[in-house]
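Student: Let me give you the structure first, and then I'll get to my questions.
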Amino acid sequence: MHKEKVVSLGKQMNISFSVILVVIGFMLAIQFQTVNEPVVRDTRDMWELREDMKKAQELHSELINEIYKYEEKIEQYNSERNDGKEQVLKETLEELKEAAGLTEVKGPGIILTVDRAFNEIGMPTETVSADILRRLLNDLNSFQAEAISIDNHRVINTTVIREIQRTTKIDSYSIHTIPFQIKVMAQDAEKLYNRMKASEAVDEFFVENLKLTISKPLVEVTIPAYDDPIRIKHMEPVKTEKGGN
């Protein structure tokens with residue numbers, strides 16, 4: 001009887017010892033994995049984090065304003081459903097045409113002038129590349145530009161800037177002469193001006209033997225309407241069923 005108790009006690013100790021070994025092994029495995037998988041740290045400095053946060057806040061504010069605008073439009077449709085529907089549709093059509101760049105717009109902004117500059121051997125350039133114009137447009141759009149024209153030609157979302165036989169073309173319009181102006185309209189012209197002054201655009205143009213001059217913020221600039229035909233692909237009118245549905 002005493003021998004059976006000793007055997008039973010030995011089995012319990014073996015089981016307990018095995019459990020302890022399993023727990024210790026599990027903890028060692030976790031520690032080893034933690035050591036071999038270093039934590040990926042955010043290498044951005046405080047100023048970069050603040051700038052990213054500022055951009056995120058601005059985007060959030062813009063989205064909230066868009067939501068309010070469309071909620072007001074829905075409320076307007078509901079309140080004028082039985083009276084004045086035609087007027088509401090006309091106003092909406094004008095808003096859409098303005099957003100698409102099909103109407104002339106005026107507002108605060110700045111004017112950029114592209115002119116010749118001399119490089120180290122004093123040779124001016126006679127052309128502007130499509131690539132540098134595309135980079136400039138990307139900068140302006142990231143700085144919340146609302147409307148842009150290049151050499152009095154309106155730039156819209158579908159605008160294509162390319163080089164054909166050494167001639168830079170904006171859609172079907174060709175840039176043949178230098179200097180020319182780039183007009184930019186923005187809700188906050190002062191902010192746009194400061195961002196452009198702090199950007200690398202001036203240096204990038206100088207590398208290509210071009211001088212980019214940024215005007216002071218203006219109370220009003222005029223951006224012409226887009227005058228090229230807009231081609232819509234992959235769309236077709238919906239066929240109405242019987243009864244007009």
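Student: Per residue of the stretch 215-224, what does 6.51 cos²θ - 1.76 cosθ + 1.60 with θ = phi - 60° give for ³J(HN,Hα)? Whole Hz please, x for Gly and Pro, Karplus curve as stated.
Tutor: Listing the rounded values in order: 6, 5, x, 10, 5, 8, 10, 10, 10, x Hz.
Student: Quick check: pseudo-label points 7 Å beyond the Cα along Cα→Cβ at residue 90 and residue 129, how many nm apart are they?
Tutor: 5.0 nm
Student: Over the stretch 105-223, what relative contact order in percent results from Cα pairs under 8 Å that are six or more residues apart? Spell out each step's value before the answer.
Tutor: Working: 230 pairs, mean separation 57.0, N = 119.
48 percent.
Student: Right, next: Please list, in chain and number order, the residues 5+ apart from residue 180 or on another chain whose amide H is under 5 Å from its amide H, with Hs placed from the backbone.
Tutor: Here the answer is 114, since their amide H atoms fall under 5 Å of that of residue 180.
Student: Here is a follow-up. Tell me, what ³J(HN,Hα) does each residue in the stretch 187-195 have, in order and in whole Hz, if you take phi through Karplus 6.51 cos²θ - 1.76 cosθ + 1.60 with θ = phi - 60° and put x for Gly and Pro?
Tutor: Couplings: 5, 10, 5, 5, 5, 4, 4, 5, 5 Hz.
Student: Filter the cross-link list 55/211; 106/183; 55/183; 54/191; 54/216; 191/216 down to pairs whose alpha-carbon distance in this structure exceeds 18 Å. Don't skip to the end; give the middle numbers.
Tutor: Details: 55/211 29 Å; 106/183 11 Å; 55/183 24 Å; 54/191 14 Å; 54/216 24 Å; 191/216 11 Å.
Cα-Cα > 18 Å for 55/211; 55/183; 54/216; rest within.
Student: Which FRET efficiency value, to the nearest 0.05, do you get for residue 163 and residue 225 by plugging their Cβ-Cβ distance into 1/(1 + (r/R0)^6) with R0 = 22 Å?
Tutor: Details: r = 25 Å, r/R0 = 1.16.
It comes to 0.30.
Student: Starting from 0 in steps of 10 Å, tell me what percent of the Cα-Cα pairs of the stretch 105-223 lands in each bin.
Tutor: 14, 47, 33, 6, 0
Read-outs: derived from the displayed coordinates by stated rules, not from any lab. Here the structure is a predicted model, which is why all the values come from computation and not from measurement. Heads up, the Cβs are rebuilt from the backbone with ideal geometry, glycines too, and the neighbour counts pull from every protein chain shown.
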